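Here it is, the structure, as structure tokens.
The values are calculated or read from the model by the stated rules, or taken from the named source; none is laboratory data. Quantities reported herein were computed from a predicted structural model and do not represent experimental measurements. Note that we place each Cβ from the backbone using ideal geometry, even for glycine, and neighbour counts take in every protein chain shown. These area figures cover heavy atoms from the full protein model, side chains too; ligands, DNA and RNA do not enter into them. Shrake-Rupley method; radii C 1.70, N 1.55, O 1.52, S 1.80 Å.
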Amino acid sequence: MLFCKMKAIYGEITKLVLLKLLDLGLEPFRIFAVPYKGSRDYADFVKDLGRRLKLSEHQVRNTIDKLKKTSVLEVKRKENGEVVIKLTKKGRIKVLKYNLEKMIIKRPKRWDGKWRVVIFDVPDKQKNLREYFRKKIQELGFAVLQKSVYAHPFATDDDLEFLRANYKIRPCVKIIYADRIEGDEVLCKKFGIK
């Protein structure tokens with residue numbers, strides 16, 4: 001019982017730390033490094049992060065160490081002493097899971113002219129996952145072309161990869177990039193294109 005409680009507490013602390021790192025500048029949809037601007041000293045960084053999250057330095061340091069060990073974060077110190085935190089691909093997926101409810105597909109300034117067509121054939125033994133996936137892509141604004149075929153003009157590769165990975169149905173979902181879809185005038189109208 002104590003182990004389960006500790007694991008739940010660690011999970012919440014992990015979530016807090018990762019989401020706060022996003023607030024400090026880590027971008028969930030890209031993999032890149034962000035220098036911590038508050039201090040060049042890692043100890044100061046940990047102390048400041050703990051203060052912002054109302055956690056002890058020990059809790060923050062242990063959480064970051066575990067995130068490094070599990071390849072969620074890379075933490076490096078440059079020659080000039082600046083601390084650089086990099087969210088790995090595994091970390092990006094973990095953070096996106098925390099933000100699934102908030103996920104939106106952003107409209108770019110200019111459409112690239114490609115339709116993202118999502119086709120899925122999820123087995124009946126995974127019926128619940130199939131229905132959760134279908135519901136989520138509908139919430140994100142994908143247009144129904146057929147029962148398991150949806151299209152969107154603005155979804156990015158990261159958006160689509162995250163959805164496949166999050167629902168653990170990657171092999172069952174295919175993505176087609178199309179220049180034209182028969183009858184796409186209706187889709188263009190729906191998405192306000194042209």
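Among the residues of the stretch 164-176, write down those that are within 12 Å of Phe120 (Cα to Cα) and either polar (S, T, N, Q) or open to solvent by less than 20 Å² (accessible area, probe 1.4 Å) (or both).
Once the filter is applied, which keeps residues that are within 12 Å of Phe120 (Cα to Cα) and either polar (S, T, N, Q) or open to solvent by less than 20 Å² (accessible area, probe 1.4 Å) (or both), the stretch 164-176 yields Ile169, Val173.
Residue-wise test of (1) touching a residue at least 60 places away in the same chain (Cβ under 8 Å); (2) closer than 28 Å to Leu187 by Cα; (3) touching a Gly at 6+ places or on another chain (Cβ under 9 Å).
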| position | (1), (2), (3) |
| --- | --- |
| Lys97 | yes, no, no |
| Ile104 | no, yes, yes |
| Asp112 | no, yes, no |
| Trp115 | yes, yes, no |
| Ile119 | no, yes, no |
| Pro123 | no, no, no |
| Arg130 | no, yes, no |
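For the stretch 93-134, how many residues meet the condition of being in a loop (DSSP other than H, G, I, E, B) and either among the polar types (S, T, N, Q) or within 21 Å of the chain's Cα centre (by Cα) (or both)?
7
Name the residue, out of Asp179, Asp159, that is open to solvent by 30 Å² or more (accessible area, probe 1.4 Å) and either among the aromatic types (Phe, Trp, Tyr) or within 21 Å of Lys106 (Cα to Cα) (or both).
Unique residue meeting the criteria: Asp179.
Name the pairs: first residue in the stretch 155-171 and over 17 Å from Glu139 (Cβ atoms) and outside any loop (DSSP other than H, G, I, E, B), second residue of a type in the set (A, V, I, L, M, F, W, C) and at pLDDT below 85, Cβ to Cβ under 7 Å, at least 6 apart or on different chains?
If the second residue must be of a type in the set (A, V, I, L, M, F, W, C) and at pLDDT below 85, the pairs left are Asp158/Phe29; Ala165/Ile93.
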